[in-house]
Every structure is written in C-alpha cells, then in structure tokens.
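Worksheet: one structure, shown below.
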Amino acid sequence: MRPCKCNLLSFIVLLVTFLFAFVHCEDPYRYLTWKVTYGDIYPLGVKQQGILINGQFPGPQIDAVTNDNLIINVYNYLREPFLISWNGLQHRRNSWQDGVEGTNCPIPPGRNLTYAIQVKDQIGSYFYFPSLGMHKAAGAFGGIRIWSRPLIPVPFPPPAGDFTILAGDWFKLDHRRLRRVLENGHNLPFPDGLLINGRGWNGNTFTVDQGKTYRFRISNVGLTTSINFRIQGHSLKLVEVEGSHTLQNSYSSLDIHLGQSYSVLVTADQPVKDYYIVVSTRFTTRILTTTSILHYSYSRIGVSGPVPPGPTLDITSSVYQARTIRWNLTASGPRPNPQGSYHYGLIQPSRTIMLANSAPYINGKQRYAVNGVSYVAPDTPLKLADYFNIQGVFYVGSIPTIPNGGNNAYLQTSVMGANFHEFVEIVFQNWEDSVQSWHIDGYSFFVVGFGSGQWTQDSRVHYNLRDTVARCTVQVYPRSWTAIYMALDNVGMWNIRSENWARQYLGQQFYLRVYTPSKSWRDEYPVPKNALLCGRASGRRTRPF
C-alpha cells in the first residue's frame, strides 16, 4: 500500500501546483459599472433627450490589453429594454456576450446584465453601441482601445498622445420618431448634421506639441452615411485598421464607411497655430461638414481660411484608396491563423456564399433584404432557442446562400448554416446606387477583392492573396462587388448586417450559425449563469456554475 500513498501524494502535489499556476497565470480582469440613463444633450444646438452612460455622451472610453477580461455591469435606468453590442470584439467561443437581439434577451427597465468579455488575441481600435431599435440615434456609444501586451513590439514609436474620434451623421428627430418613420414604411430623411465626439462645429479641441506625433483612432458611428476625415495642412499615416497593423501609407484624407475604424499617426510639423480637423459626408449630393480644432500648444492664432474641401461623389478615388490599404506582414502581435496555415492565400475555400442586398416593398412598406429575405426578429433570441432546443423559433437554411434572382422578397427569421472550421469565400453583390457597408460579428475576415459589375469566378484573378488586411466591416461600392475570405473558427450564432441602421432595422441582416456537434468548452462556452431568459426560454434554468 505504501507505493499507492506515494503516488497519491505525488498526484496531489502536481494538482495543487497546476491549480496554483493556473490561478496566478490568468489574464487580468477589469471591472466597469455603467448606469444607462436619459439626459438632455445639445449636439446640434437643439435640446434632445439622449441616452447617457454614467452621465456621459458619448459614453466612457474602454481601455484594455490583449487577452484582458472585461466585466461590465450594465444597469438599465431607461423606460424601455436596452442592449449594448461591441463592434469588432470577437467573443471567442462566447457569442453569449455579443449583445444583439439574436443572442441576448434585452435588459428590462430597472434590471442589469453583467457582460463577461475577453479580448482574446486582439489589438486595435473599435467601438461599442446600443443595438436595439434606433437607440444608436440617441447616443450610448463609445470608443474601445485594445493595446498590445508589454514587450510585444509595435511597428511605430510610442506616440505622444492617443485621441479617439467618434464621428458620424446625426438627426434632430429623436430615436422614437425615427423608428416610427421606418415602421410606417418610409426611409429616413437626410441627416441634419455631423458630430465629432458628440459635438458640432468646432466643438472639440485636441492639443498637440509642435514636432511630436499623435495617434488618432477614428470610427464612423453614424447611421446612414460614409464620411471623409482630414486635418488641415497635415498628412495622415495609416497604421491600423480594426486590429490589423497596416503598411504605413500617408493620405491627405481617409474615407471611413459606416461602422469602420482606422488609426492614423499625425505629426505636428506645421507652424504653431490652430488647424481644422474636418469630417464631411461622402457620396451625398448635399455635403454635410463639421470640424474640430487641432490646437498647437502656446498657439495664439485661431483657425483661419476656408475649411479644406474633401472628395464628394467621386467613387474612383475611394476604390483606389481601399486597394492601397495593405497588411504589415512584418508586424508582431495577434493575427488570424486560418487552419494553421499562417496565410489565408494558401487555403482553397470550401464554398462560395453570395449575398445580394435589395430594397423591396413588402406588404406595401419599404423593407430591405439579403438574397430576397427581409429579417424579422423572433420572440426568443436565436441563441437561446438553439441552446435549449426550442422548436419553431427558426430553422437553419431559411435564407439561401445565393441570390434568389427574382423580386419576390419575403419576411423571415433568416438563419444560414455553416460548419465549424470551414473556410469560405463570401461575395457581397450590390446592384443598388448607394454604397453598402457590411459587418460580421465574431470574426475578422480578409478583404481579397473589389470590382465593378457582376462578380464571376473569373473575378478571382484580381484577388489580393498576399497582404490584404483582416477586418470586421467592409464597404461595397454602387453596382459593384466585394469579396472576402473567412475562416469559420468561432462557434456561435453571429449577426451579419448592414451598418446602415435604417437598412439593418428593416431587414438587411441575418444570422450565421457556426455549428459543431461537440459539447466541449474547448469549442464553445455554455449559457452563462447570469443570462437573462425571455420569450419561450422563460422559466428555464441556466448552468449552476
């Protein structure tokens, strides 16, 4: 019996050592408490009821380091349900934290929900936003910065400062009235103006020291329009796009489409004075413009001269710019590694999915669709229905993987099926006269090609299979296509949507169910213990631990 005792003792020592190492090597936790309330705001000089987080509009900045765990306790003090989503955070194995209507029950008035998010293997610039209804038109959005871990080299010297720019269009109508416009079968009116960090013309000042270099992280958090960003007399050196370090090309201005985020370096190399920071609408007949101020320390000379003009309706220059955005292949840091290849261009996609947007009228009302299907939300979140095997909420395959080729659009809770570890080619086909912007939750994908007209198999000859960026939001130009490659390495129920919020609200979205029969936590976490249950999932039990 003595050898058994020795073996048992050795096992206990080994187990204790392992547990001690596991506990002490766990990634850091950051705890945030957010109180969501109504409050008066004056973004365009008109009093409006905004949605504030901890009394702020825009909401608080989130700062994290790669692999940090964010524990965000959100208290809803509104008179209506509320949810926060995280544009660009991938929620590895954990679509339960995505914060959209297909994965989460809304937070009822007077209740709270604690999100547990790990920014696993991510760096870069992103933002969060309210995902229900038209709440995004009232505020509750904010910036997210994910910094590289210590000792991981970044491909540029540390900047002297790091500024967040949340820019986009804005309406004087409140979010409830905008929602009624859409539900009555109409599109939204043209926006009333543009905002930078919640303020209008010259409403923000960014102070810099002459000779130093600063990082600006710019996100388009608007509802309906692409924007162009520029700084009077200064060049913009692009260094990061939604988690990808880029080749450091310099631009006089940058097009930023709905839902997209960019990081640029700006060197204060001009005479000491103040300069315009300019945002204007892109591809609109009527041009909206707003400004902030780049203020050199000790400057006594205010902004002067005309506001620098930007591109307006020209598509060609925007396409050219998009094609020059390339990945910095020598930069360190986390990057996608599809199927262990270390390079997306070495993998043959298993299938092609083509997604065509359209603007049909259904039952006499304006709707928007993908492959002829206009999404309608069910009474129970799709993820809960899938987990608890609740029948009748949705069925996989309720949206085709290619356009239906006709005009017979219909309403449906659309869910497309896919298998874990597939590597797919997705082509966004746009036959409309407006720029589209598409976002995929839970993933970054490789933007391999842009082209005009109809995509065909011959279009692959022009793909960039060497150094395109991986990102989460991509534009599709009018009467054109955009192709992406995506490794389906994240199990879950993931929203694919238009970032034009009117189109998203009226059906230009669907869910991709990335499935594995495995029940292992290695592939996907189970339902959180604190998950809210609603609809046909009410009364069921979450896991006990």
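Would you kindly state how much longer the chain becomes between SER538 and GLN56 on full extension, computed as 0.36 nm times their sequence separation minus their alpha carbon distance, in nm to one decimal? It would help to have the intermediate numbers written out before the result.
Values: separation 482, 0.36 × 482 = 173.52 nm, distance 3.35 nm.
Full-extension gain reported as 170.2 nm.
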**Asked** When the Kirkwood radius is taken over all Cα pairs of the range 171-239, what Stokes-Einstein diffusion coefficient follows at 4 °C and 1.567 mPa s, in µm²/s?
**Response** 85 µm²/s
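Quick check on the chain: take the gyration tensor over C-alpha atoms, sort the square-rooted eigenvalues as a ≥ b ≥ c, and tell me if it's rounded (a/c under 1.5), prolate or oblate.
Working: a/c = 1.39, a/b = 1.20, b/c = 1.16.
Here the chain falls in the rounded category.
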**Message:** So, for the chain, what is the accessible surface per residue at a probe of 1.4 Å, expressed in square angstrom?
**Reply:** 42 Å²
**Message:** At R0 = 45 Å, how high is the FRET efficiency between THR352 and ASN184 if r is their beta carbon distance? Nearest 0.05 is fine.
**Reply:** 0.75
**Prompt:** Which lysines, on any chain, are close to LYS273 with Cα under 23 Å apart, when same-chain ones fewer than 8 places away are left out?
**Reply:** LYS212, LYS237
**Request:** Provide the FRET efficiency to the nearest 0.05 for the LEU329-TRP431 pair, computing r from the beta carbons and using R0 = 35 Å.
**Result:** 0.50
**Message:** Run the reach check for LYS383 against lysines, Cα to Cα strictly under 27 Å, same-chain hits fewer than 8 apart removed. What comes back?
**Reply:** LYS35, LYS120, LYS136, LYS519, LYS529
**Prompt:** If we count every other residue with Cβ under 9 angstrom of SER226's Cβ, Lys/Arg +1 and Asp/Glu -1, where does the sum land?
**Reply:** 0
**Request:** Take the eigenvalues of the Cα gyration tensor for the range 109-148, scale each by 5, and report the square roots as semi-axes in whole Å, largest first.
**Result:** 24, 15, 7
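How large, in percent, is the carbon and sulfur part of the accessible surface of the chain at a probe radius of 1.4 Å?
54 percent
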**Item:** Three semi-axes of the equivalent ellipsoid, the range 81-141, Cα gyration tensor, whole Å, largest first
**Value:** 20, 14, 9
**Request:** Note down the Stokes-Einstein diffusion coefficient of the range 342-535 in µm²/s, whole number, using a Kirkwood radius over alpha carbon pairs, 20 °C, and 1.002 mPa s.
**Result:** 122 µm²/s
**Message:** Which of rounded, prolate or oblate describes the range 493-545 when judged by the alpha-carbon gyration tensor and an a/c cut-off of 1.5?
**Reply:** oblate
**Message:** For the range 27-145, what does the convex hull of the Cα positions come to per residue, in cubic angstrom?
**Reply:** 93 Å³
**Item:** Fully extended contour minus Cα-Cα distance, from ASP162 to LEU313, at 0.36 nm per residue
**Value:** 51.2 nm
**Asked** For the charge dipole of the chain, defined by +1 on Lys and Arg C-beta atoms and -1 on Asp and Glu C-beta atoms about the Cα centroid, which residue among ASN404, PRO308, ALA64 has the Cα displaced farthest towards the positive pole?
**Response** ALA64
**Prompt:** About its Cα centre, what dipole magnitude does the range 27-145 give when the only charges are +1 on Lys and Arg Cβ and -1 on Asp and Glu Cβ, stated in debye to the nearest 20?
**Reply:** 120 debye
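Semi-axes, largest first, in whole Å: what does sqrt of 5 times each Cα gyration tensor eigenvalue give for the range 313-375?
Working: eigenvalues 249, 87, 23 Å².
Sorted largest first and rounded, they come to 35, 21, 11 Å.
The values are calculated or read from the model by the stated rules, or taken from the named source; none is laboratory data. Only a predicted model underlies this, so the values are computations on that prediction, with no experimental measurement involved. Methodologically, a virtual Cβ is constructed for each residue, glycine included, from the backbone with ideal geometry; neighbour enumeration extends over all protein chains shown. Quick note on the areas: whole protein, heavy atoms, side chains included, nothing else; ligands and nucleic acids left out. Shrake-Rupley method; radii C 1.70, N 1.55, O 1.52, S 1.80 Å.
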